[in-house]
């Protein structure tokens with residue numbers, strides 16, 4: 001999705017253009033599909049939550065009953081990543097409640113981030129950790145969310161967050177270390 005084209009369509013949409021809705025919908029769907037596919041790639045075989053279901057639920061939350069209020073592509077990706085994280089956290093909590101069980105084992109933060117959707121108790125711990133981190137440093141929490149849930153890397157993260165690449169690198173290192181400590185204490 002080209003940022004300039006997306007921004008232009010958003011402006012037309014705000015002006016009430018029906019054509020903008022028609023042009024923007026496939027772009028939004030494609031971006032949501034890309035995020036959902038990345039998030040669900042490591043799921044166990046036969047998993048009941050499919051990318052299409054995640055996309056539709058996320059789109060309903062993002063668009064609601066009114067015109068979308070996204071500022072630009074970066075804002076959209078940030079919101080989409082956050083919404084999908086919320087959906088997956090709810091899914092994990094519901095699934096964990098059905099199983100009623102077990103303590104979470106200690107695992108490295110990168111494993112929790114990579115495999116969280118498959119193991120609901122670990123995903124719930126990760127979601128709790130990100131919520132806690134957001135209370136301490138909102139940008140670091142958003143960075144982790146965009147990196148692991150939105151699939152953004154390096155320069156894209158810097159652009160979305162409005163910071164330098166070195167700040168992204170430093171914040172990522174600090175946030176991942178903090179998350180590792182939090183998840184270790186929580187286990």
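Where a number appears in this text, it was derived from the coordinates with a stated rule and is not lab data. These numbers were taken from a predicted model, which means no experiment stands behind them. For neighbour counting, all protein chains shown are included, and Cβ atoms are generated from backbone atoms with ideal geometry for every residue, glycine included.
Data table
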| read-out | value |
| --- | --- |
| Computed label-point distance, nm, for sites residue 56 and residue 163 using a 7 Å Cα→Cβ extension | 3.8 nm |
| Exposure proxy order (Cβ contacts within 10 Å, fewest to most) of 33, 82 | 33, 82 |
| Residue order, fewest to most beta carbons within 10 Å, for 84, 27 | 27, 84 |
| Sorted by Cβ density within 10 Å, fewest first, the residues 149, 182 | 182, 149 |
